[in-house]
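Read through the structure below, which is laid out as structure tokens, and then see the notes.
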Amino acid sequence: MDHELVAALDIGGTKIAGALVDAGGRLVARARCATPARRSGTTVMGAVEAVLGDLADRPHWSRVTAVGVGSAGPVDASTGTVSPVNIPGWRRFPLVDRVSAATGGLPVTLVGDGVAMAAAEHWRGAARGRENALCMVVSTGVGGGLVLGGRLHRGATGNAGHIGHVCVDLDGDACACGGRGCLESIASGPNIARHALAHGWRPGEDGDRTAGAVARAAATGDGAALAAFERAARALAAGIASTAALVELDVVVIGGGVADSGEVLFAPVRRALDEYAALSFLRRLEVLPARTGADAGVVGAAAAVWTARGGG
Ligand SMILES: [Zn+2]
């Protein structure tokens with residue numbers, strides 16, 4: 001058991017990352033390739049098989065006993081299929097069967113990428129040892145996952161914790177998900193940048209129009225940049241406070257590209273939580289930066305396998 005490894009896959013719209021992960025969460029091999037997201041479903045699966053093939057060539061492969069997959073969503077763990085919004089060639093794609101076939105029949109555990117991130121932070125990151133945690137990714141989108149009662153809460157289809165699509169603005173804009181006023185439509189990186197541009201922020205000479213550039217401008221006191229982060233932070237705080245009121249959280253962990261801007265995001269989130277999380281049992285809620293970084297996807301996919309075995 002101590003020598004067993006999990007082959008972990010993190011499948012997103014930009015890249016497919018793979019790793020061999022031991023029971024302590026250490027990565028003993030890595031592989032990756034770009035996701036041919038606009039190509040056919042068969043071509044995308046070919047890229048997944050190439051990553052698995054690269055891992056299978058490593059000397060440690062003989063110790064692999066299971067595969068963990070974290071995928072962009074929606075996923076359906078109950079049927080083993082995925083339909084990622086940003087991979088149009090995959091609709092109800094039988095990923096679990098195909099990965100099992102590509103690995104000689106190994107058992108495959110599938111979770112959504114938000115659940116994987118929560119699994120990673122609970123296993124090796126800022127939510128380690130915590131009973132009730134909301135772990136969020138604020139990046140191109142806004143995703144998340146929950147740990148409740150010390151256990152990863154996957155949901156029947158593996159999508160629980162989809163905080164990016166809770167409503168924080170009753171009369172807000174239509175969201176790509178089909179809903180309205182979703183957290184993601186305010187707090188994602190592209191939406192932060194869009195708001196800043198619409199209110200007078202201008203990119204620097206490098207032409208960088210991302211939320212990272214807005215964060216750098218906010219750090220120097222640019223008013224429109226600060227306002228865009230303030231608005232995103234208030235939306236995040238409203239979503240966090242609502243979730244905490246529902247399930248009693250101890251800690252909220254935030255990672256992803258936008259969270260990498262540090263206090264530019266975290267300071268206004270904490271301030272806004274003082275306003276939105278007013279009930280006595282919400283007052284001690286901690287908000288911490290994620291620790292598992294770029295490896296969160298593969299570490300979480302492996303954690304989903306190990307914790308399922310241990311009952312966690
Ligand atoms: Zn939505």
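Derivation of every value follows stated rules applied to the coordinates shown; laboratory data play no part. Please read all numbers here as calculations on a predicted model, not as lab measurements. Quick reminder, even Gly has a Cβ in these numbers, built from the backbone with ideal geometry, and neighbours come from all protein chains shown.
For segment 174-222, what relative contact order do you get, as a whole percent, if you take Cα pairs closer than 8 Å and at least 6 residues apart? Walk me through the numbers before you get to the answer.
Values: 25 pairs, mean separation 14.2, N = 49.
After rounding, I find 29 percent.
Could you work out how far helix 223-247 tilts from the main Cα principal axis of the chain, as a 0 to 90 degree angle to the nearest 10?
Helix 223-247 and the main axis of the chain meet at about 60 degrees.
Taking the chain as the reference, fit the longest principal axis to its C-alpha atoms, fit the long axis of helix 113-124 to the helix C-alpha atoms, and give the angle between the two in degrees, 0 to 90, nearest 10.
80 degrees
Please report, largest first and rounded to whole Å, the three semi-axes of the ellipsoid equivalent to segment 171-306, where each semi-axis is the square root of five times an eigenvalue of the C-alpha gyration tensor.
Values: eigenvalues 129, 75, 49 Å².
For segment 171-306, the ellipsoid semi-axes come out as 25, 19, 16 Å.
Over the chain, what relative contact order in percent results from Cα pairs under 8 Å that are six or more residues apart? Display every interim value, and only then the final one.
On the way: 709 pairs, mean separation 59.1, N = 312.
Averaging sequence separation for qualifying contacts and normalising by length gives 19 percent for the chain.
In whole Å, how far is the Cα centre of segment 11-39 from that of segment 249-280?
Their Cα centres are 29 Å away from one another.
Note down the net charge around A237, summing +1 for each Lys or Arg and -1 for each Asp or Glu among other residues with Cβ under 10 Å from its Cβ.
Working: positive: R234, R270, R271; negative: D274, E275.
Within the 10 Å Cβ shell, the charges total +1.
By DSSP, what percent of the beta bridges with both residues in the chain are antiparallel, rounded to the nearest 5? Show your work: numbers first, answer last.
Working: 28 of 49 bridges.
Restricted to the chain, the bridges split so that about 55 percent are antiparallel.
Mind giving me the nanometre distance, one decimal, between the label points for E263 and R216, set 7 Å out from Cα along Cα→Cβ?
Taking the simple label geometry, E263 and R216 are separated by 2.0 nm.
Could you pull the Cα extents of the chain along its three principal axes, largest to smallest, in whole Å?
Principal-axis extents of the chain (Cα, largest first): 56, 45, 33 Å.
Between E275 and R98, what FRET efficiency comes out of the Förster formula 1/(1 + (r/R0)^6) with R0 = 45 Å and r the beta carbon distance, rounded to 0.05?
0.40
Using label points projected 7 Å from each Cα along Cα→Cβ, tell me how many nm separate D169 and A50, to one decimal.
According to this spin-label approximation, the distance is 3.9 nm.
Where does the charge balance sit around V252 when Lys and Arg score +1, Asp and Glu -1, over other residues with C-beta under 11 Å from its C-beta?
Values: positive: R130, R270; negative: E121, D250, E286.
So the surrounding residues net to -1.
Compute the helix-to-body angle for 189-198: its Cα long axis versus the longest principal axis of the chain, expressed 0 to 90° and rounded to tens.
Taking Cα atoms only, the helix is inclined about 30 degrees.
Quick one: Cα centre-to-centre distance for segment 192-236 and segment 126-170, in angstrom?
Using only Cα atoms to place each centre, the spacing works out to 26 Å.
What 222 nm value per residue comes from the helices of the chain, counting each DSSP H run with n ≥ 4 as -39,500 (n - 2.57) and dividing by all residues, nearest 500 deg cm²/dmol?
-11500 deg cm²/dmol
With Cβ to Cβ distances under 15 Å as the rule, what net charge do the other residues near A31 carry (K, R +1; D, E -1)? Kindly include the intermediate steps, with their values, before the conclusion.
Working: positive: K15, R30, R32, R58; negative: D10, E49, D54, D57, D295.
Residues close to A31 contribute a combined charge of -1.
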